[in-house]
Structure formats: structure tokens, C-alpha cells
1. What's the center-to-center distance, using Cα atoms, between segment 219-295 and segment 49-106 in Å?
2. Bin all alpha-carbon pair distances of segment 40-164 at 10 Å intervals from 0 and give each bin's fraction as a whole percent.
3. Can you count the Lys pairs in the chain whose Cα atoms are under 27 Å apart, with each pair 8 or more apart or on different chains?
4. With an 8 Å Cα cut-off and a minimum separation of 6 or more residues, compute the relative contact order for the chain in percent.
5. Sequence gap at least 6, Cα distance under 8 Å: using those rules, report the relative contact order of segment 108-287 to the nearest whole percent.
6. Of all the C-alpha pairs in segment 222-279, what % are more than 17 Å from each other?
7. Run through all the Cα pairs of the chain and give the fraction in each 10 Å bin from 0, expressed as whole percent.
8. Kindly express, to the nearest 10 degrees and within the range 0 to 90, the angle between helix 248-257's C-alpha long axis and the longest C-alpha principal axis of the chain.
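The values are calculated or read from the model by the stated rules, or taken from the named source; none is laboratory data. These figures come from a predicted structure and were not determined experimentally. Note that each Cβ is placed from the backbone with ideal geometry, even for glycine, and that neighbours are counted across all protein chains shown. With ligands, DNA and RNA removed, areas are computed over all heavy atoms of the protein, side chains included. Shrake-Rupley method; radii C 1.70, N 1.55, O 1.52, S 1.80 Å.
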Amino acid sequence: MTQKSASDRANVFLTVRLPEHALDRIETECNVVTFAGKEMPSKEELIAGIAEADGLLGSAQLSVDADVLNAAPRLRVVSNFGVGYDNVDLAAAAQRGVIVCNTPGVLSDAVADLTMGLVLSLARRLPESERFVREGRWKPGAGMELGTDVSGKTLGIIGLGRIGVAVARRAQAFSMTVVFHDLFREPPAEVGFSKYREMEALLRESDFVSLHVNLRPETHHLLGRAQLALMKPSAFLINTSRGQIVDQSALVEALRKGEVAGAALDVFEEEPLPATDPLMAMTNVILLPHIGSASVETREAMRDLSIDNLLRALRGERPKAVVNPEVLAQE
Ligand code: 8YV
């Protein structure tokens with residue numbers, strides 16, 4: 001096989017750092033530039049970086065809007081390192097014929113594990129108890145406030161996609177009753193042990209409400225003041241999806257008023273969560289720095305899939321996971 005010259009090869013711009021062996025896979029076929037900065041590139045830096053790029057591989061938090069897409073006349077594929085794709089302007093991508101790929105499936109177990117960990121942490125007051133010991137408040141006779149059992153309680157899952165189903169399975173193993181609501185799927189009467197509910201019924205009935213929908217206009221602020229007010233005052237909210245699904249100031253209000261007992265949040269309307277955010281001072285919340293997929297094995301699988309998607313799209317083959325297949329049909 002004859003080697004392609006550098007000018008015949010596709011140009012790839014990476015905004016995530018890849019280990020040598022992963023980088024080698026792309027460099028065998030493409031010219032690669034990795035963004036040099038330690039943090040995510042600014043819009044200007046991204047626009048400068050992709051000016052000559054045929055492919056972009058970046059995190060699902062990297063904003064790829066119409067300005068960015070229009071600044072990259074050669075761009076053929078945006079390969080997201082993540083399952084979410086709310087960071088990409090899909091209409092602008094379709095207009096430009098840019099294929100958008102993501103990494104579904106490989107992170108479902110990791111996100112579901114974290115979600116279940118948060119259900120248990122809220123119920124049994126794990127972070128609070130840990131602080132109790134470290135802060136030297138554990139004295140003879142001084143005990144923590146009691147937690148609550150999860151067995152026999154109801155978990156309401158909003159969004160029964162891959163991750164929602166993985167959470168449902170785990171919850172069943174903890175003897176929880178699982179109910180679900182899904183905005184986009186036909187409601188099957190029963191999925192395993194989980195039963196369909198209208199949104200209002202789910203919010204009224206659940207002891208724990210967990211969000212597993214992707215962010216799109218229909219799901220923005222899906223849980224606002226009115227929806228939070230329907231929850232039991234003893235109920236907990238878990239969000240490992242996207243921060244914008246919840247109206248965060250309405251949640252702070254509901255937590256302050258005791259309309260909701262507590263919340264565990266891995267995602268926020270603004271990330272990183274600003275130091276001045278009122279959530280920072282609240283004790284009935286658990287705050288995590290967006291670690292849903294953050295395990296060694298899962299990140300490796302996401303890396304492999306995002307590279308597969310990128311290379312296949314650049315070769316003119318069908319990527320393993322494509323968000324906008326209508327663009328492939330146009331080709
Ligand atoms: C990651 C995510 O934080 O998959 C997603 O959509 O939000 C997370 O897995 C992120 O994409 C890693 O860059």
C-alpha cells in the first residue's frame with residue numbers, strides 16, 4: 001500500500017488529550033493537531049484550531065455552534081467524546097453536511113452506578129456522616145440523624161433510554177419499586193418491573209426521582225417550580241444527565257422551603273459550579289464535578305468509540321454511532 005502524503009491525509013483537531021497508543025491510531029491515517037491549552041479551548045481558540053480541519057474530536061461539553069461550524073469549510077465530522085450531543089448545533093451541522101457522532105452504550109453502566117451510589121448516599125446520609133467523623137463531631141452519645149431505607153421505596157426514572165434502564169435494573173436489585181416516564185418513547189406497559197406513569201403521577205409518587213433524558217428544547221427546565229412542588233417533601237432528586245433539565249434556582253427554592261428533602265447533582269446549569277452558587281452552602285445536597293462516566297474502563301471505551309467514529313466518517317464509512325444519519329443519506 002502506498003503511503004498518502006500529508007496533503008492527501010485528513011486533518012484532525014483534538015481538544016481532548018489522548019494517550020500515545022490512541023493518538024497513533026489517528027496519526028496512521030490523519031494529520032493531527034492537539035489543542036495545546038490545559039483547559040477547554042475558548043470559542044476563538046476552537047475557531048482558529050479547526051480552520052483547516054476535516055475532523056474534530058472533543059468533549060461533549062465543547063460548544064460547537066453555527067459560528068464554529070461555519071469557520072471550518074473542510075469539516076466533515078464532529079466526533080463527541082461523550083453520549084450527549086447538546087453541545088453541537090445539529091441544524092447548522094445538517095446544513096453544512098457535517099456528521100455528528102457520540103458514544104452511546106459504553107458509559108451506561110458507569111452513569112447508572114453513580115446514580116445508584118447517589119440514591120444510597122442521599123438515603124443513608126453518607127457525605128454528611130463522613131463530614132461528621134472528619135470534623136470531630138463524633139463523640140460518645142452524639143450520633144447522626146437517621147437515614148432512610150431504599151428497599152420498598154419508589155424510584156421514578158424520567159427517561160428510560162439505555163442509562164435509565166441500567167438504573168432501573170440496579171434499583172430492582174435493591175428491592176425498590178421502579179416507575180418511569182419517557183417523553184419520546186411509546187410507553188410500554190411494563191419494562192421488567194418498571195411501570196409507566198404520567199409525569200405528574202411519577203413526581204407525586206416517587207421517593208427518589210432520577211433524570212436520564214438528553215438535553216433538547218423540549219427537556220430544558222423539564223423540572224421547574226411547578227413540577228418540584230409536586231414531589232413529596234420527603235423525596236430526593238438525582239441529576240446525572242444535564243444541568244439545564246432542572247431550573248436550578250427553582251430547585252434551590254424548593255430545597256430551602258422543604259418542598260424537596262434533598263438533591264444529588266453531578267451536573268449544573270453552569271459548569272464548573274461557581275463558588276458563589278447558593279447550592280454550595282446547602283447541607284441537604286450532594287455536589288459532584290460531572291463524573292458520570294469518569295472511570296478508567298469507561299473513559300477508555302469512550303475513547304475507542306469516538307476514534308472509531310471519527311476515522312470511519314473520514315474514510316467515508318458509516319460511523320458506529322451517528323446522531324444525524326440524515327446527513328449520511330445525503331452523501
Ligand atoms: C463526560 C458526558 O463528562 O457523555 C456525556 O455526555 O457528559 C460525560 O460523559 C464528557 O463528555 C467527557 O468529556
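1. The two parts, judged by their Cα centres, are 28 Å apart.
2. 11, 28, 18, 18, 15, 8, 2
3. Number of lysine pairs found: 6.
4. The normalised contact order for the chain reaches 17 percent.
5. 19 percent
6. Here the tail beyond 17 Å accounts for 30 percent of pairs.
7. Binned Cα distances yield the sequence 5, 24, 29, 22, 14, 5, 1, 0.
8. Taking Cα atoms only, the helix is inclined about 10 degrees.
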